[in-house]
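*Asks:* First, the structure itself, so that you have it in front of you.
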Amino acid sequence: MRKRLTITNLKKMKQDRNAISVLTAYDYPSAKLAEEAGIDVILVGDSLGNVVLGYDTTIPVTIDDIVYHTRAVARGAQQTFIVADMPFMTYGIGRESTLRNAARIMQEGGAQAVKLEGGVDIADDVAALVKAGIPVMGHIGLTPQSVHQLGGYKVQGKLDADAQRLINDARAIEAAGAFSIVIELVTEPLAALISESLTIPVIGIGAGRSCDGQVLVYHDILQYSSPYFEKKFVKTYADIGTTIRNAIQSYVDDVKSGQFPEEEHVFSAQPADLPSLYGATINSASESEKKTVDSKKGVRLT
């Protein structure tokens, strides 16, 4: 069984130029599959608002949403380093509130770290969290929680002034004690410059080839949505959406036509073996306790 990575391991991976793989997950089966596939880090992103909860932005996502989904992910990926997003307005609103919200994600959700969006403006919050013993991943560039302020989902750092601001943000987050930083939707040369100038791992999403690792959204790499919108910075590895849709359509057709259920899916009048019904395993009761035979009424399960 593999061991969960630590922030020390992740920093060493940067030094060794061992690229870090990061993927979002929002529930038990997704997390379990990601762990079995060998992912280094799972991010319970507030992107769940878009791909799971059906919101147009991440802004409606609550701390309860993140705790709930992180808890499910933690059950599915017990040997994987899990980072959870702090949602909109759960930090930067006072030191005590920031600490309490992060503590909930760690204690109730089971995450090993939290992620905050912002740069110089949230450096004090990052420092406070780190001082309290909470590992922090930063996030600069396109910050979805600020999408309205940014004027939409646009590539960041194209102008010299913007590039310098992002460099300053990255350095401030590192100085505050963050163990890593995500840079989203920025030009490749700027991402390369930031990655080279920091001692902590830089994880890119739409930030080119020179980052220390990459993160993508589970539903994007699998085209697990309808409709699926192509994104320039995403490589898809399967079309699960079409597979699922076709499978459900086949089920609907079989039900309508009477093709399901077939003989193999029904039970005869003979006593059924209870574990075969739903794959259950019964160990607590003896055979005499499991079945009570009434010669007139047949078999009654107790």
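All of the numbers you see were taken from the coordinates with simple rules; none came from a lab. Values in this document were obtained by computation on a predicted structure and should not be read as measured data. No Cβ is skipped: glycine too gets one built from the backbone with ideal geometry, and neighbour counts run over all protein chains shown.
*Asks:* May I ask for the angle, rounded to the nearest 10°, between helix 63-76 and the longest principal axis of the chain, with both axes built from Cα atoms and the value confined to 0 to 90°?
*Replies:* 60 degrees
*Asks:* Of the residues 23, 185, 33, which exhibits the maximal mean-square fluctuation in a Gaussian network model of the chain defined by a 10 Å Cα contact cut-off?
*Replies:* In this elastic network of the chain, the residue with the biggest mean-square fluctuation among 23, 185, 33 is 33.
*Asks:* Angle between the Cα long axis of helix 240-257 and the longest principal axis of the chain, 0 to 90 degrees, nearest 10?
*Replies:* 20 degrees
*Asks:* Something else about it: Between their Cα atoms, which of 12/158; 14/235; 131/235; 3/115 are more than 27 Å away from each other?
*Replies:* Flagged as over cut-off: 12/158; 131/235.
*Asks:* Another question, if that's okay. Just going by the charge dipole of the chain, with Lys and Arg at +1 and Asp and Glu at -1 on Cβ, which of 202, 226, 81 is farthest out on the positive end?
*Replies:* 81
*Asks:* Just the number, please: percent antiparallel of the DSSP beta bridges in the chain, rounded to the nearest 5. Before the final figure, lay out the partial values.
*Replies:* On the way: 5 of 33 bridges.
If I count the DSSP bridges inside the chain, around 15 percent turn out antiparallel.
*Asks:* Short version: ³J(HN,Hα) in whole Hz for each residue of the range 127-140, in order, from phi by Karplus 6.51 cos²θ - 1.76 cosθ + 1.60 (θ = phi - 60°), x for Gly and Pro, what are they?
*Replies:* Here the 3J(HN,Hα) series is 4, 5, 5, 4, 4, 7, x, 9, x, 10, 9, x, 7, 10 Hz.
*Asks:* Over every pair of different alpha-carbon atoms in the range 173-274, take the mean of 1/r and invert it; report that Kirkwood radius in Å.
*Replies:* 17.8 Å
*Asks:* In addition: Could you put 89, 13, 1, 106 in order, starting from the residue whose Cβ has the fewest other Cβ atoms within 10 Å?
*Replies:* With the fewest neighbours first, 89, 13, 1, 106 line up as 1, 89, 13, 106.
*Asks:* Got a sec? Charge dipole of the chain, +1 on Cβ for Lys and Arg, -1 for Asp and Glu; which of 146, 135, 173 is way out at the positive end?
*Replies:* After comparing all options, I get 135.
*Asks:* Which residue fluctuates most in the GNM of the chain (Cα springs below 10 Å): 261, 227, 201?
*Replies:* Most flexible of the set in this elastic network: 261.
*Asks:* Using 0.36 nm per residue, how much length does the chain from residue 251 to residue 161 gain when fully extended, once their Cα-Cα distance is taken away? Walk me through the numbers on the way to the answer.
*Replies:* Working: separation 90, 0.36 × 90 = 32.40 nm, distance 5.62 nm.
This chain segment gains 26.8 nm when fully extended.
*Asks:* In nanometres, what is the gap between the two model label sites at residue 229 and residue 196, each 7 Å from Cα along Cα-to-Cβ?
*Replies:* Simple spin-label model gives 3.5 nm for this pair.
*Asks:* Roughly what angle does helix 95-104 make with the longest principal axis of the chain, taking Cα atoms, 0 to 90 degrees, to the nearest 10?
*Replies:* Taking Cα atoms only, the helix is inclined about 30 degrees.
*Asks:* List the aspartates and glutamates whose Cα lies under 17 Å from the Cα of residue 232, skipping any in the same chain that are fewer than 8 positions away.
*Replies:* 184, 188, 220
*Asks:* Still on this model: Provide the convex hull volume over Cα atoms per residue for the range 100-256, in Å³.
*Replies:* Normalising the Cα hull of the range 100-256 by residue number yields 150 Å³.
*Asks:* Any idea what Rg and Dmax come out to for the chain if you just take the C-alpha atoms, in Å?
*Replies:* That works out to 24.1, 88 Å for Rg and Dmax.
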